[in-house]
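The values are calculated or read from the model by the stated rules, or taken from the named source; none is laboratory data. Please read all numbers here as calculations on a predicted model, not as lab measurements. Cβ atoms come from the backbone with ideal geometry, glycine included; neighbour counts cover every protein chain shown.
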Amino acid sequence: MSLLSYPCTYMRGGTSRALIFNENDLPTERAGWDDIFLRALGSPDIYGRQLNGMGGGISSLSKVAILKPSTREDADVEYTFAQVSVTEKKVDYKGNCGNISSAVGPYAVYKKWVSVSGPEAHVRIYNTNTQKVIHAHFPVENGEVVFSGDLEIPGVSGSGSPIRLEFQDPGGAATGKLLPTGNTRDILKLSNGKSLQVSMIDAANACVFLNALDLGLRGDESSAELDRPNLLKALEEIRLEASVAMGIASSIEDAKKSIAIPYLGLVAPRYSSEMDFSLRVIASGQPHKALPLTVSLCAAVSAKLPGSLIHEVLENKSLDEVRIGIPSGVLTLNAKVEEKNSQYVALSGSFYRTARILFEGRVFV
């Protein structure tokens, strides 16, 4: 029996890594994709290492991107994101990954799907998960991507050339509404009879933000400090309740089908003058070592919404850019929000990342 393999490119995008497939190289029936991705990354792995595949044992290193040239008038490339569980036999397509989004534009130019003239590429990306468009801008030389540069980002050693991502109209990426409940703040009633103040916001990805102090946390914990089974179990129960409240899932059992959205963010006041507020995120059941970029963008939008938990902790509530304190440093983002007809509208959000091609060949499954 011959070994089964697929053409694949392995790339880092921001603080994540992904196997990138050309959609035309995969089975036409999408029902066959999950098994390929699980085998390629080495999931499920009860030891949490993904030693039998290409994954790295944490959510940010267990990702897949499926790309193809686009025939849409507003896009050059179409991109489907898949979050592969490390320990469970699950592949989640409900959300997007901002970090991996930064690898899509360079990949499209590298593959000659997009021709470039001049010193900067502009690639329009249609994300099928959220049905949103992202514009990527990055340097090129003689039509080739320039990966080397001086930009350093928190969570990545070394430097690279800047990739500017602009998320167009990011509101309602998962639920169709920037404010799924109509409020910037809600009281979430939990199954144990307790209640908790939350902000449930949907911009780039659906997120539920909590006040870290309400959970007995400081807000400046490292990812290792948050990696406590009892705490993660309690946070997962909150996330599932929020999924139902936001209309993402019809029931708690339905909510369990998604390992990614809504993401859960722990908000706290700043603990240094270099940041405007602190944020810690639980992604796919694990404390994130940096910050998912779509969650960062959602947080930046939330910072512009009066009444939200993030807006409440800001000392300066009229910032153009927001500096978010994360486990690996400080991340700066810009979000544009307007109030129209008594409703808030997220116009755009932008940030910088770096990316790198690690290798190209075939992945055996």
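Could you identify the single residue in LEU217, LEU210 that is modelled with pLDDT of 95 or more, in contact with a strand residue (DSSP E or B) (Cβ under 7 Å, 6 or more places away or on another chain) and under 21 Å from ILE252 (Cβ atoms)?
Answer to the selection: LEU210.
Within segment 56-88, take every residue that is in a strand (DSSP E or B) and of a type in the set (A, V, I, L, M, F, W, C) and give me the one that is farthest from ARG39 (Cα to Cα).
VAL77
Scan segment 181-199 for residues that are within 16 Å of GLU339 (Cα to Cα) and of a type outside the set (S, T, N, Q) and jot them down. Give the derivation first.
Initial filter on segment 181-199 (within 16 Å of GLU339 (Cα to Cα)): 182-184.
Answer for segment 181-199, where residues must be within 16 Å of GLU339 (Cα to Cα) and of a type outside the set (S, T, N, Q): just GLY182.
Of all residues in segment 330-342, how many are touching a residue at least 60 places away in the same chain (Cβ under 8 Å) and surrounded by fewer than 19 Cβ atoms within 10 Å (Cβ to Cβ)?
1
Return a yes/no flag: does segment 177-194 have any residue that is of a type outside the set (D, E, K, R), touching a strand residue (DSSP E or B) at 6+ places or on another chain (Cβ under 8 Å), surrounded by fewer than 24 Cβ atoms within 10 Å (Cβ to Cβ) and at pLDDT below 95.
Scanning segment 177-194 turns up at least one residue that is of a type outside the set (D, E, K, R), touching a strand residue (DSSP E or B) at 6+ places or on another chain (Cβ under 8 Å), surrounded by fewer than 24 Cβ atoms within 10 Å (Cβ to Cβ) and at pLDDT below 95.
Please indicate, with yes or no, whether at least one residue in segment 230-243 is small (Gly, Ala, Ser), surrounded by fewer than 16 Cβ atoms within 10 Å (Cβ to Cβ) and out of contact with any helix residue (DSSP H, G or I) (no Cβ under 6 Å at 6 or more places or on another chain).
Yes.
Being part of a loop (DSSP other than H, G, I, E, B) and either among the hydrophobic types (A, V, I, L, M, F, W, C) or in the same structural domain as TYR93 (by TED's automatic domain parsing) (or both) is the filter here; which residues of segment 250-273 pass it?
ILE259, ALA260, ILE261
Would you point out which residue out of GLY307, GLY325 is modelled with pLDDT of 95 or more, in a strand (DSSP E or B) and of a type outside the set (A, V, I, L, M)?
GLY325
Out of LEU235, LEU279, I need the residue that is touching a Leu at 6+ places or on another chain (Cβ under 6 Å), at pLDDT 95 or above and under 27 Å from ARG323 (Cβ atoms). Which one?
Among LEU235, LEU279, only LEU235 is touching a Leu at 6+ places or on another chain (Cβ under 6 Å), at pLDDT 95 or above and under 27 Å from ARG323 (Cβ atoms).
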